[in-house]
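Have a look at the structure below, then the notes.
No value in this document is a laboratory result; all are computed from the given coordinates. What you see is a predicted model, and the numbers here were worked out from it, not measured in a lab. Every residue, glycine as well, gets a Cβ built from its backbone with ideal geometry; the counts of neighbours run over all protein chains shown.
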């Protein structure tokens, strides 16, 4: 019992020191702002893509949940990989450029400094957020189809739940942005929701024209 | 053996980590009792500061290593006080 307590206190001390280090790195790189932006942008990307896929599946009357689950999963993996690669390369390039500019001004090498360590952490964090945010949004919207696979309810219900979850995701992301900008969160949520409705309306009009 | 009791350094540092952060980190060093950081010139990305450190036993190597760790560079050592007591304020 004492050993567990000691382990717990050591872990807590480690987490505390690491979190204060992360806060210090955040003050140097201002990464939390960037991460917030990346999170919303990429979660929105992922949610809208999967929503489009579900709308397409609904309009083409796909009744096999396995198709939706696999197409959805492979799409979300692709979006995540795109986010991961894109964020890693662009963030690395930006941070290296900043460091080199500072090195030129300081006439010194900054590779072994806390500034460089902070930049590395910012790159890793941005890469992680860019990869995970769209994956989370995609999986959330596809949850009803996983439930269909598990035999919880019929696929017709899954479409309804999935649309509901999509709209909730769009609205939630909009509300999050509204909270950041300290604007009306309902208005801000509605703006995001409008994007989803626009996407659905265009797909529906196309299907009405061609099917 | 006598020790360094006061150091006045001319330092060029990046704007981030901030002066507050740097002064706090220096004050946490062993032997350092007081840190005074006076900003002399601010540029777009860097600033020149005059650092005054006082203590019983100042270790210049450690101070310099800490400054380098946070991206700062010592341009010159402007004043050194060594011995058993401070000579003047």
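Only a single item in (1) part of a helix (DSSP H, G or I); (2) more than 17 Å from residue A:29 (Cα to Cα); (3) within 14 Å of chain B (Cβ to nearest Cβ) is not met by residue A:143, and it is number (3).
Inspect all residues belonging to region A:79-95 and state whether any of them is within 30 Å of residue A:205 (Cβ to Cβ) and surrounded by fewer than 17 Cβ atoms within 10 Å (Cβ to Cβ). The answer is yes, given that some residue of region A:79-95 is within 30 Å of residue A:205 (Cβ to Cβ) and surrounded by fewer than 17 Cβ atoms within 10 Å (Cβ to Cβ).
If I ask for residues that are more than 21 Å from the chain's Cα centre (by Cα), part of a helix (DSSP H, G or I) and farther than 30 Å from residue A:124 by Cβ, which ones from region A:56-98 would you list? Result: A:56, A:57, A:58, A:59, A:65, A:66, A:67. Scan region A:107-118 residue by residue and report those that are over 16 Å from residue B:66 (Cβ atoms) and facing chain B (nearest Cβ under 8 Å). Within region A:107-118, just A:107 meets the criteria.
Condition check ((1) in a helix (DSSP H, G or I); (2) within 14 Å of chain A (Cβ to nearest Cβ)) across all residues:
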{"residue": "B:13", "(1), (2)": "no, yes"}
{"residue": "B:20", "(1), (2)": "yes, yes"}
{"residue": "B:32", "(1), (2)": "no, no"}
{"residue": "B:36", "(1), (2)": "no, no"}
{"residue": "B:41", "(1), (2)": "no, yes"}
{"residue": "B:44", "(1), (2)": "no, yes"}
{"residue": "B:49", "(1), (2)": "no, yes"}
{"residue": "B:52", "(1), (2)": "no, no"}
{"residue": "B:57", "(1), (2)": "no, no"}
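Taken over region A:1-31, the criterion of being assigned to a helix (DSSP H, G or I) and either touching a residue at least 24 places away in the same chain (Cβ under 8 Å) or within 14 Å of chain B (Cβ to nearest Cβ) (or both) is satisfied by A:17, A:20, A:21, A:22, A:23, A:24, A:25, A:26, A:27, A:28, A:29, A:31. Going through region A:96-106 one residue at a time, which ones are surrounded by 13 or more Cβ atoms within 10 Å (Cβ to Cβ), without any contact (Cβ under 8 Å) to a residue 12 or more places away in the chain and either over 18 Å from residue A:29 (Cα atoms) or within 7 Å of chain B (Cβ to nearest Cβ) (or both)? Across region A:96-106, the qualifying residues are A:105, A:106.
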